[in-house]
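Single-structure report; data block below.
Bear in mind these aren't lab numbers, they're just calculated from the coordinates by the rules spelled out. Since this is a predicted model, take the numbers as computed values, not measurements. Please note: Cβ atoms are built from the backbone with ideal geometry, for glycine as well, and neighbour counts cover all protein chains shown.
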Amino acid sequence: MVGASELESVTKPSDVVTFQPLQEKTGIYPSIAADFFGFGAKHRIGLNIETSWRYHKGNYYGYEQYRPFFTDVNAVYQMKVRKRIGVDIFGGIGVASNRFELLSPCGIPGCINYTSSNHFMEDLGFGVRYRFWRHFFVRPEVHYYHIQNNREFNSDSVFRGGVSIGYAWGGKPAAAPTPSLAPNPAPQ
């Protein structure tokens, strides 16, 4: 799957004058993901691996730029609702990584003008998968990230909502059951 989404945190806007941590939000977040199904009854349980990052760097207090990355591994349960519609429910763990870069380049050889900050996170979410043509599908989705010790920003709780488009390899898409034309046997 490939997709795009937007970020929103669950806090009040920050106050730059008093140097409170900024609110982590907005920006376009491209994503790439893979689902592997084949576990459990009727192969409805699977594994999801996904990474998402901010497309353009954000401005951090005017003298630095930052780019967050969210990488996670989830258990997925896929429910079939209709012939072409299914719901994916997932939860797992991952890493929220922020790369901070100074705006002015460092003119000394060997000088590094960036730093990274990595945090453990939990991920919960769901998506509605619609198979629109053969094995191709579109999936609107919402992720909730709980980022441990997210001190660079003013909230540990972040939502990412967007849409992915993908292709499912494997068996044929399930067909609707065909009604039987044979008469019912007479009760005895």
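A few remarks follow.
- Answer residue from segment 33-90, given it is of a type in the set (Gly, Ala, Ser) and exposed (fewer than 15 other Cβ atoms within 10 Å of the Cβ) and is farthest from residue 142 (Cα to Cα) among those: 62
- Scan segment 118-143 for residues that are crowded, with 22+ Cβ neighbours inside 10 Å, under 11 Å from residue 162 (Cα atoms) and out of contact with any Gly (no Cβ under 6 Å at 6 or more places or on another chain) and the total you get is 1.
- Of the residues making up segment 56-76, those that are out of contact with any Lys or Arg (no Cβ under 9 Å at 6 or more places or on another chain) and outside any strand (DSSP E or B) are 61, 62, 63.
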